[in-house]
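To start, the structure under review is shown below, and the notes come after it.
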Amino acid sequence: MKALFLDCNDQLAPVWQRVVRADDPPIDVNLTAFAPDELPRLLDGYEICIDDHSYLPTVLVARCARLKHVVFLGTGAASYMKVDELAGRGIRVHTIKGYGDTAVAEHAIALMAAACRDVARMDREIRSGTWTPREGMQLCGKTLGIIGLGGIGREVARIGRGLGMQVIAWNRTRRPGDALVELDELLARSDVLSLHLVLNDDTHGFLGHAQIARIKPGAVLINTARGALVDETALMEALRSGRVRHAGLDVFQSEPLRPDHPLAAMDNVTLTTHAGFRTLEASITLLRRGIDIVKRIVNGAGGSQRAGSISERN
């Protein structure tokens, strides 16, 4: 079975070379940027596609006659493709969990600290010639509310406690030993809210107008999960009114975020480029697990195992 790493980049390429092994199946690597309508050409003849974070519209995937497997490098495949529609066409989507829990949690904490102390705003002002010390919010002693207590949420809770914060949490399912509060209570009590839910039909727009109206006035909102979990219009209204003091956002409803998007013009928003999981340690784990999935697919299909040569495809 032929496999293609669809959208490798200059950052991931050296990591790929570091983790690939001699007994891996051959996987072609595309390092060249491509327009969406080039997808059928790139995947022509391939049964397996490794996808970092490229959109795979069903209408284009339907023209990839041999494609049977998509290995998505992460958990949020639903943000980039219609998983059910692909399944209906006989294409299985594989995701990878747990590879970057610590990386994303640390990024959430970094956004939290930056938001509470207006770090990015002061940096911008200093560079433009303005010296304005800004009063921040101290984290020690504050209440951290975590929405979604999976691997990342638990890591955020651990670090938050280490900062001296009181941690409360809400989760869609209850597990033995979890000390959870109701969502309305969490929204009303939390000085900092951190989102860690998966995106699906049930969680799309999870924080809408009604939920954001219940947030403690002056709270900080951090989202390193998925942009579509939050109603963007409701969030911007809350930021303008001061209901939400500051938002630290690593994810957006449409990525990359346009430079003329209203969020980009707000002083009380700190933005990063969906980079929460981008550490060397997490990337090593992620790519190795992606290759291992391809390896299992090829072995299961009775494919041959040649030395793991990587060829660049343009």
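From the list ILE152, ILE91, which one is in contact (Cβ under 8 Å) with a residue 60 or more places away in the chain, closer than 28 Å to TYR55 by Cα and hydrophobic (A, V, I, L, M, F, W, C)?
Of ILE152, ILE91, the one residue that is in contact (Cβ under 8 Å) with a residue 60 or more places away in the chain, closer than 28 Å to TYR55 by Cα and hydrophobic (A, V, I, L, M, F, W, C) is ILE152.
Out of curiosity, is LEU183 buried (at least 21 other Cβ atoms within 10 Å of the Cβ) and at pLDDT 95 or above?
No; evaluated as a whole, the condition is false for this residue.
Go over the candidates ARG134, ARG124 one by one and state the one that is outside any loop (DSSP other than H, G, I, E, B) and not aromatic (Phe, Trp, Tyr).
ARG124
Can you tell me which residues in the range 124-149 are closer than 20 Å to ILE215 by Cα and free of Cβ contacts under 8 Å to residues at least 24 places away in the same chain?
If the condition is that a residue be closer than 20 Å to ILE215 by Cα and free of Cβ contacts under 8 Å to residues at least 24 places away in the same chain, then GLY136, GLN138 are the ones that fit.
For the subset of the range 268-314 comprising residues that are of a type in the set (Ser, Thr, Tyr) and modelled with pLDDT of 95 or more, which member is nearest to CYS116 (Cα to Cα)?
Only one residue tops the list, namely THR270.
Looking only at the range 203-221, decide whether some residue is surrounded by fewer than 17 Cβ atoms within 10 Å (Cβ to Cβ) and under 23 Å from LEU163 (Cα atoms).
Within the range 203-221, one or more residues are surrounded by fewer than 17 Cβ atoms within 10 Å (Cβ to Cβ) and under 23 Å from LEU163 (Cα atoms).
Residues that are in contact with a strand residue (DSSP E or B) (Cβ under 6 Å, 6 or more places away or on another chain) and either outside any strand (DSSP E or B) or farther than 25 Å from ASN299 by Cα (or both): does the range 10-20 have at least one?
no
Test LEU139 against the criterion of being under 20 Å from the mean Cα position of the chain (by Cα) and part of a loop (DSSP other than H, G, I, E, B), and give yes or no.
No.
The values are calculated or read from the model by the stated rules, or taken from the named source; none is laboratory data. Because the structure is a prediction, the values reported are computed rather than measured. Cβ: placed from backbone, ideal geometry, glycine included. Neighbour counts: every protein chain shown.
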